[in-house]
Amino acid sequence: MDRENMSLSEVVKSTLSLLLAIFIVASIISLSAGGVETATYCDTLTFAGKGLKDNHTLPLFDPGLGRLVDVGLAVDLGVLQNYSLENEENEAHEVSAKSESVLMISLPDGRSIPINASSGINEKLAAYDGKTDFAGASGKRIEASSVGTFQEKYQELSDFTASFQNETISLPVEISFTSSTSGSLVFRLSTYAESKVYVTYTYEPDGSG
């Protein structure tokens, strides 16, 4: 099981890396225009099972750095699923299965934002071969990945401004997985998901003006 989860994690991370190339984790970049600077931070969670709750924790902006002018939020959800199918009928069947993952993240202003990722498969399976092993002519295992994203400029800057040094904010998240099938088959589904939340602070450093 640990080896399987490690493999799933690597695939999800590889998929997300293409989407997240524009971000710099826990780094500060100086921008030439307007004398502003940015600081970007990231928090990562992993999930497995039918539904889980957790919290993304991020550092709040330190007003000692300067005047906060913009807060950017981004959420990336990557899901990897293993579909296991077996036709136990005495004739071949066309079968299909689909799954949807929904990550709900709660923001400080009271909003709950859904991030969706879905996948689906369609297969023709031969008549039952006598073994429910998800292999052979009547069975199959299929791996499918999906992603979901969300980005916005957060309006209430004070929600992300620290009142003391090293203060953090927790953003509650809950993920749920649903699935459905058509056709006559035995069906199993295992799911691994990873969510990343980014906050980017744009600010004018003290003394820049």
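Residues with amide H under 5 Å of Glu88's amide H, sequence separation 5 or more or different chain, H placed in the peptide plane at 1.01 Å from N; which?
Val186
Taking the Cα of Leu107, stepping 7 Å toward and past its beta carbon, and measuring to each backbone N in segment 172-186: which are under 17 Å?
172-174
If we count every other residue with Cβ under 13 angstrom of Ala144's Cβ, Lys/Arg +1 and Asp/Glu -1, where does the sum land?
Working: positive: Lys98, Lys140, Arg141; negative: Glu100, Glu123, Glu143.
So the surrounding residues net to 0.
Please compute, over every Cα-Cα pair in segment 145-209, the percentage with a separation greater than 14 angstrom.
Everything past 14 Å amounts to 76 percent.
Residue separation times 0.36 nm, minus the C-alpha to C-alpha distance between Thr38 and Phe164: what's the value?
43.4 nm
Please compute, for the alpha-carbon atoms of segment 112-165, the extent along each of the three principal axes and give them in descending order in Å.
The Cα atoms of segment 112-165 stretch 66, 23, 15 Å along their principal axes.
So if R0 is 30 Å, what FRET efficiency would Thr178 and Gln155 give, r being the distance between their Cβ atoms, rounded to the nearest 0.05?
That gives a FRET efficiency of 0.40.
Explain nothing, just compute: Karplus ³J(HN,Hα) = 6.51 cos²θ - 1.76 cosθ + 1.60, θ = phi - 60°, for every residue of segment 155-160 in order, whole Hz, x for Gly and Pro.
7, 7, 4, 5, 5, 10
Give, as a single signed number, the net charge of other residues whose beta carbon lies under 13 Å from the beta carbon of Ala39, with Lys and Arg counted +1 and Asp and Glu -1.
-4
For segment 49-127, what is one quarter of the convex hull surface built on the Cα atoms, given in nm²?
Values: hull surface 31.3 nm².
Answer in nm², one decimal: 7.8.
Which net charge results when you count Lys and Arg as +1 and Asp and Glu as -1 among the other residues whose beta-carbon is under 12 Å from that of Gln155?
Working: positive: Arg111, Lys153; negative: Asp70, Asp109, Glu152, Glu156, Asp159.
Taking every Cβ under 12 Å from that of Gln155, the sum is -3.
With respect to the cross-link table entries Lys53/Lys196; Lys53/Lys153; Lys53/Lys140, which display a Cα-Cα separation exceeding 23 Å?
With Cα atoms farther than 23 Å apart: Lys53/Lys153; Lys53/Lys140.
Since every read-out is calculated from the coordinates, none of them should be taken as a lab result. Predicted model only: the values in this text are computed from it and were never measured. Don't worry about glycine lacking a Cβ; one is built from the backbone with ideal geometry, like all the others, and counts go over all protein chains shown.
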